[in-house]
Amino acid sequence: MVILTRSGLSSAEAAVRLERDGPNTLPQKPPVPLWRRVAAQLRDPLIIVLLVAAVLTIATGDWTDTAVIMLVVVVNTSVGVVQEVRADRAITALSQLTAPVARVIRDGSQTEVPAAGVVVGDLLVLAEGDIVVADATVVESAALLVDESSLTGESVPVDKTGGDPVSSGTVVVRGRGRAAVTAVGAASASGRIASMMVKGAGLTPLQRRLVEVGRLLAGVAVALSALVLALGLVRGQPVELMVVTAISLVVAAVPESLPAVVTLSLALGARRMAARHALVRRLPAVETLGAVTVLATDKTGTLTEGRMVARRLWTPTGEATITGSGYAPDGQIVRDDSLDVETLNDLLTAAVLCNDAGLSPPQDPRADWTALGDPTEAALLAAAAKLGLERKQLQERFPRVTERPFDSERKRMSTVHRLPGGHGRVICKGAPDVLLSSNVLTDDPALLARAAERAEQLARDGYRVLAVAGRNLPAVPETALESGLSLLGLVAILDPPRPAAAAAIRECKQAGIRPLLITGDHPGTARAIATDLGIIDAGDPVVDLRDPGTADNANVYARATPGQKLEIIQDLRTRGETLAMTGDGVNDGPALRRADIGVAMGGRGTEVARQAADLVLADDNLDTVVAAVEEGRRVYANIRRFLVYGLSGGAAEIAVMLLGPFAGLALPLLPAQILWINLLTHGLPGVALGGEPAIPGSMAVPPRPPSQSILGAGLWQRLIRIAVVLTAVTLGVAVWAHQTGRPWQSMAFFALGATQLGVALGSRTRPGTPANPMLLLAVAGALVLQLAGLYLPPLQELLGTQPLTLGDLLIVGALSVLGYAAVRLDRILHPYRPPRPVPSPDGPAQVR
């Protein structure tokens, strides 16, 4: 129980409570030590496969391949760790203390203390612009208005009077007051929400798919290599030679460049995202976005600007529409022919005079105008400025004499002004249900009924509606009268959608991603924004989560608590969806952590949201998420492209060793030759494939089904078809050379390597263009080294090769072009067909 005195706590008592309850800070994770970051990278399933391959190469004494594999492991681990550290530092730079100091009453006088030093029982002093540093109960208030959007999602500030609670992280937008602290740190509302953000370390969709591939490769490679070993022993080959050959085939079948390809693709994606002001906290987050089937978002500050704007004006003689965005005086007022300028001028002049807010122009030309005070009142000032009415000039002409501040019981604010000649004017603004009454207004009841009907229509459309009334008097009254007034009109205000949000939603739907709105705001407001942005159609349902009787299959959920957001997210993931969640408030933190990928707004977002997210948008633009989805799809496509290239080559090597003896070739390739081909083809060319640009039209197809294997959608069939071509070319060259007395093993060695390099060239996204020049250079370098293996004496001795005549070299080179042709022809004969959305029995259409 908090015992409160007007003198507040004593310094000694505050020190005791600070020691007892701890500092007023949210629970923070301890810094991750470097060794833990490295260990996390080494636990990656692909890295484990590589480490096993390294052990096998050590067993064969192949120190060159061992060095290459370990280099891949070191580079992959280093890139992953560096990216995480850089992202954490960038987030720390973005993260500013929400309230570095607080004003409290200690020892009977007002003093400033660090926010972390506020304790239960402290008496907070609140004023306009202050961030509430702890949960508290209001004990004194004067027109106190608090913005709770970061905590509840409600876009409209809330009036606070004595006895009302205020929560940590909320902002005082108007008035002043004092509040007794009731909870700090982890016990506060923000702390309780932060404690919900528990998410066990799980594999990303990409990692899960690669684990499947790793298991498949391990089983198949070991089984086929054992078969090669058995066949060799049956044919009388030396045991040691066949054991080394079998181990070499296992190593060759493992695409050791795959982790490097994945890391390079993700790192390039992260760098592109950073250039667009998006900070990737974990590299796999880039690819995860490419797998997204549902994009869930909150409303305030994400889909909307987070700023109130007056959009509609209604008067007894006509209506007007206001253009422009934000608080800048840019835009126009488009009025009906029946609405004269004088009537409009009277309405907006009254809205400016009965107003305690202010507007501040930007210091930087690239910045925005900012509101001082109640955002709703600031919206009225911005609307008046578009008509040429300036607050300072109006206040000088009609100075305020007295006022009755807004409070939650009266739901209105009234002011008295002195007019030229000693006359007086009373102005009142407030909720239509209060003002549009015969107790307040003297207008004809039919007019009041018409105004009330219009106000209700605007409210259903998602607007916050204010009624404005006034009355001229012969003299200045001593008090603000709130009766006998005349209606001037209605002002409809809303938090408008971001300019880029509609385009981002449209692109998501075009890409087969289902947009979902989950907000704490009113259902009418949620419906208006969702309809305006194209998330739903006019007749689609909106779920009010305070009404247990409503259906749960919809694309818009209103009045959602943080716990309910978690339930919705978990339900969608249980159905097999890959889900991205965007948000900026404290209330979004748990959902951001629970989603497959959390995307936080870095500009106006809270610290809780930023720390919970995998991706932070420094510029708060939702269209950056769409760009990230394209990056993710590019990464995944490049990984699949490499798998076709790498696994078809490995399969061809095993097939050549299995089928060669049946064609009269005792041992088609030596172990050193197998490892040399593997080193050249899986090395730089394989890594360079990770830098291929996005496939044209990649955002015009649905996302891949969440259950689809990375080798699905016809990839393993393509892999086999290309492996058959590689095997046929290699064995064909070897058999012909063997029958004609040529150095058949050397010719098979060159044919297998060169044909695989042809596959790499044929795998390009945009062949015939200079896109991804690193792949061209890598293939050229690998080809030179393959030739060196034939003609340099040291390599001839190491690899057991013989030089070829120019004629033989040209013949093999010409046949190797079939590798390129096989890939290009296969794409024509077997084009990729994206999955189509089908109706789901659990809700709207989903991609299966």
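What follows draws every value from the coordinates through simple rules; no lab data is involved. Values in this document were obtained by computation on a predicted structure and should not be read as measured data. With ideal geometry, Cβ positions are generated from the backbone for all residues, glycine too; neighbour counts draw on all protein chains shown.
Remarks
- Neighbours of T624, meaning other residues whose beta-carbon lies under 11 angstrom from its beta-carbon, give a summed charge of -3 when Lys and Arg score +1 and Asp and Glu score -1.
- Note on S11 and R400: their simple-model spin labels are 3.8 nm apart, each label 7 Å out from Cα toward Cβ.
- Across the stretch 396-542, the mean sequence separation of Cα contacts (distance under 8 Å, 6 or more residues apart), normalised by length, yields a relative contact order of 21 percent.
- D336/T574 FRET efficiency (R0 60 Å; Cβ-Cβ; nearest 0.05): 0.70
- The stretch 682-727-the stretch 532-583 distance, computed between alpha-carbon centres (Å): 34 Å
- Per-residue HN-Hα couplings for the stretch 776-782 [Karplus 6.51, -1.76, 1.60; θ = phi - 60°; Hz; x = Gly/Pro]: 4, 5, 5, 5, 4, x, 5
- Counting neighbouring beta carbons within 10 Å and listing from fewest to most, the residues S265, S188 come out as S188, S265.
- Whole-Hz Karplus values for the stretch 635-641 come out as 4, 5, 5, 5, 5, 5, 4 Hz, taken residue by residue from phi with 6.51 cos²θ - 1.76 cosθ + 1.60 and θ = phi - 60°; glycine and proline positions read x.
- Each of D537, D135, D164 has some number of other Cβ atoms within 10 Å of its Cβ, and from fewest to most they run D537, D164, D135.
- Surrounding net charge for A694, when Lys and Arg each add one and Asp and Glu each subtract one, Cβ distance under 11 Å: +1
- Overall form of the stretch 508-592 per C-alpha gyration tensor (a/c, 1.5; a/b vs b/c): rounded
- Formal net charge of residues neighbouring G534 (Cβ-Cβ distance under 9 Å; K, R +1; D, E -1): 0
- Under Karplus coefficients 6.51, -1.76 and 1.60, residue-wise ³J(HN,Hα) of the stretch 322-336 in Hz, glycine/proline x: 10, 9, x, 9, x, 9, 6, x, 9, x, 9, 10, 9, 10, 5
- Shape call, the stretch 309-494: gyration tensor on alpha carbons, a/c limit 1.5: oblate
- Overall form of the stretch 573-705 per C-alpha gyration tensor (a/c, 1.5; a/b vs b/c): prolate
- The trypsin sites (Lys or Arg not before Pro) found in the stretch 379-466 that occupy coil by DSSP, while having at most 16 further C-beta atoms within 10 Å, are R410, K411.
- The GluC sites (Glu not before Pro) found in the stretch 450-553 that occupy coil by DSSP, while having at most 11 further C-beta atoms within 10 Å, are E478.
- A crude spin-label estimate for the pair A230 and A39, with each label 7 Å from Cα along the Cβ direction, gives 4.2 nm.
- Across the options V616, A694, A672, the greatest Cα extent toward the positive end of the charge dipole of the stretch 602-694 (unit charges at beta carbon of Lys, Arg, Asp, Glu) belongs to A672.
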